[in-house]
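What follows draws every value from the coordinates through simple rules; no lab data is involved. In this text the structure is predicted, and so the values were computed from the model without any measurement. Heads up, the Cβs are rebuilt from the backbone with ideal geometry, glycines too, and the neighbour counts pull from every protein chain shown.
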Amino acid sequence: MSRVAKAPVVVPAGVDVKINGQVITIKGKNGELTRTLNDAVEVKHADNALTFGPRDGYADGWAQAGTARALLNSMVIGVTEGFTKKLQLVGVGYRAAVKGNVVNLSLGFSHPVDHQLPAGITAECPTQTEIVLKGADKQVIGQVAADLRTCRLTWYYRSARLPSS
């Protein structure tokens, strides 16, 4: 039995939640996020809170309810506050710049590496060796950070790398 699923998700003022079967849409000041939940999960919206539980006939109902609760809690936080991921370039001559929706990286290759950002994600470079990613979807921000890190793999025998925090 999942202890995570037993805690309700509080929906703050200014956040609109729509439940259409297993499709949940959450809209706030930072945008709109949609997620399809597992059939084993039952979601109820009452008194500015989302409650979760298993449906009858599913062996992994509580586990799926805990997962759904964590995902929807991240969605509520994302549309209200947003998420931030910081990357730091470590290496001689490593530089980053943002031009519109493209992150331009100089990573010691003979050519610059351009990385297109997906919709809903913004990037800024406070310094030439820092990249700050912002957006409402936690999973997409983590995926963009992972994609940027794979542009230049860590060389363990030297200190050249692109760590994230």
Sparsely packed trypsin sites (Lys or Arg not before Pro) within the stretch 77-125, loop by DSSP, other Cβ within 10 Å at most 13: none
Can you compute 3J(HN,Hα) from phi for each residue in the stretch 11-17, using the Karplus curve 6.51 cos²θ - 1.76 cosθ + 1.60 with θ = phi - 60°, rounded to whole Hz and x for Gly and Pro? 9, x, 5, x, 10, 9, 10
Could you tell me how many degrees, from 0 to 90 and to the nearest 10, lie between the Cα long axis of helix 138-149 and the main elongation axis, the longest principal axis, of the Cα atoms of the chain? 20
Karplus-derived 3J(HN,Hα), 6.51/-1.76/1.60, for each residue of the stretch 44-61, Hz, glycine and proline x: 10, 10, 8, 6, 6, 8, 9, 10, 10, x, x, 8, 5, x, 10, 6, 9, x
For Glu42, which sequence-distant residues (separation of 5 or more, or a different chain) have an amide H within less than 5 Å of its own amide H, given hydrogens modelled in the peptide plane? Gly53, Arg55
Could you tell me the center-to-center distance, by alpha carbons, between the stretch 18-40 and the stretch 76-129 in angstrom? 28
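For a footprinting-style exposure proxy, rank Ile141, Ile26 by other Cβ within 10 Å, fewest first.
Details: Ile141 21, Ile26 24.
Least to most surrounded, the residues fall as Ile141, Ile26.
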Is the stretch 77-165 rounded, prolate or oblate when judged by the Cα gyration tensor, a ≥ b ≥ c being the square roots of its eigenvalues, rounded requiring a/c under 1.5 and prolate requiring a/b larger than b/c? prolate
